[in-house]
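Student: Quick one: this structure, given as structure tokens, is what I'll be asking you about.
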Amino acid sequence: MNDIAAAKTANVTAQKTSVVADSNKITGIRVSPNGYFAALLLSAFFSAFLIYLEIDWAGLLLFVAGWTLFPVLLWNDRIVFDGKRLTRTGFLPRVWAWFNNFRYRLKLSDIEQVETQSLRALKRGGNVFYRYRTSLQGKNLKFAFASGGEDYRQMVQRIFPLLPENALDNRSIEVRDYLLDPKEILMKAEFAKIPSADVLESSLNNTKTAKKNRHIKSDNKESGDEEVEKADYLHRLANELRLSGYLLQALESFRRALVLNPKDAWLIFDFARCLHSFAGSEHNKNLERKAFAALRIAEKRGRADGDFLARLGECYFQYGEWERARQAFKKAAEAADESFRSVRGLAEIALREGKIAHVIHHFSTANRLAETSALRRWTQNESEYFSRLNADEDYMEMEISRVNLVENFDGLKKTALRIALFGFPAIIFGLIAEDNLIANLGWAISAAAILVWTGLFASQNLLSSRIPVDFEEED
């Protein structure tokens, strides 16, 4: 195991120790407000519609109820972690869970998958401000929360170190290891004498310099212990800067680390991911090609490390490089004994290609390699689901129809919203011009479209779950 991998392991162990020490501490985060905002806007629209129809008491009642009730419900709807389980505290989720016989608690040991997505929320100069959305799934229950402050970091730092790494995707592992307070990270960058983004913005060709320096360094001599230690520190700092969106400073830190230790596969891998993120923010195809070239160099350097190759395969899969992902997963299995991540990756590749028999085989193997009961349960469920798809044509047809309906509903929802927005100008023009015909037409179009959107939204949620494997179609 190389130094940076050992440092990561030590860091996770320290996090686990800290979490165990604070096991009685309760941490919470507010759920995403999107659903409540949508309900608030719907109540405002229909209250205005009722007032237009001269049903003033109903319109005012709906308006007051909506603008007092939904903010209170949103304020009290939180995801709370007490050290052993996640709990949804909101009134509406609990009523919904009771009505449908669902659960609103999820034990830590029952978490099967953790996925984190990053969204570029704002770009300012060379800095990109990311918003992370994390979902934790297990036993047909899903908890999702988004970044936006210290609450998100506390939840991540308390939960992720207690979960097996195979339950976390690439981004979740990075968030666990490197997401810190931006002020603390900038202070560390200042101590390391990393220039600010404004200074670095005029020198975007650092990747060429790094490449040249790497070549000179590797030709002259191997990196000493002191240089490797300094490179590991810069490597960690670069990842912390990258996760916080300070991409130019991250690239500079990577450049300095590569000068000191140019042969570290993990270092080149993380540098490539940072360069790919920067290329995406700048819409620069040339930098994107350089990022993929760096990934290929990292693949060559780490060809004997099965864990690294599995993570590399996930990265290729995320970027849409399916063939390279398959080769990386295969190399991971060849470099060491079959691992859970590599086999799961091969299952995902086979699923994209429609090779159901291969999917079943890989998930069965992953079930054998799973180290926790939650992962074994998830892989077993996946294996049974795809086995039923492969063996029962009627079940497959129903599932295909369900998936197609969900996708069609998504497009129809967007169309309904466009139609609703199209009616608003007619409403405004009719009210200003005192033309009842145009106003009535606008209200009718918008109200009908919004009702259709609401129905599609509810139907899409109902159809989002798979048909149970033990479902038996009646003759």
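Student: Just for the stretch 303-317: of the residues that are modelled with pLDDT under 90 and either among the small types (Gly, Ala, Ser) or within 22 Å of Val128 (Cβ to Cβ) (or both), which one is farthest from the chain's Cα centre (by Cα)?
Tutor: Only one residue fits best here, namely Ala304.
Results for (1) hydroxyl-bearing (Ser, Thr, Tyr); (2) closer than 16 Å to Phe49 by Cβ; (3) surrounded by 11 or more Cβ atoms within 10 Å (Cβ to Cβ), shown as yes or no for each residue.
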| position | (1), (2), (3) |
| --- | --- |
| Thr415 | yes, no, yes |
| Ala444 | no, yes, yes |
| Ile450 | no, yes, yes |
| Asn461 | no, no, yes |
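Student: To continue, here is another question. Tell me which residues, restricted to the stretch 315-362, are over 27 Å from Ala294 (Cβ atoms), touching an Asp or Glu at 6+ places or on another chain (Cβ under 8 Å) and not aliphatic (A, V, I, L, M).
Tutor: none
Student: Hey, can you tell me all the residues within the stretch 69-92 that are within 25 Å of Ser109 (Cα to Cα), buried (at least 16 other Cβ atoms within 10 Å of the Cβ) and free of Cβ contacts under 8 Å to residues at least 40 places away in the same chain?
Tutor: Within the stretch 69-92, Thr87 is the sole residue that qualifies.
Student: Ok, one more. Quick one: which of Val95, Val72 is assigned by TED's automatic domain parsing to the domain that holds Asn166, part of a helix (DSSP H, G or I) and β-branched (Val, Ile, Thr)?
Tutor: Val95
The values are calculated or read from the model by the stated rules, or taken from the named source; none is laboratory data. Please read all numbers here as calculations on a predicted model, not as lab measurements. Reconstructed Cβ throughout: ideal geometry from the backbone, glycine too, with neighbour counts over all protein chains shown.
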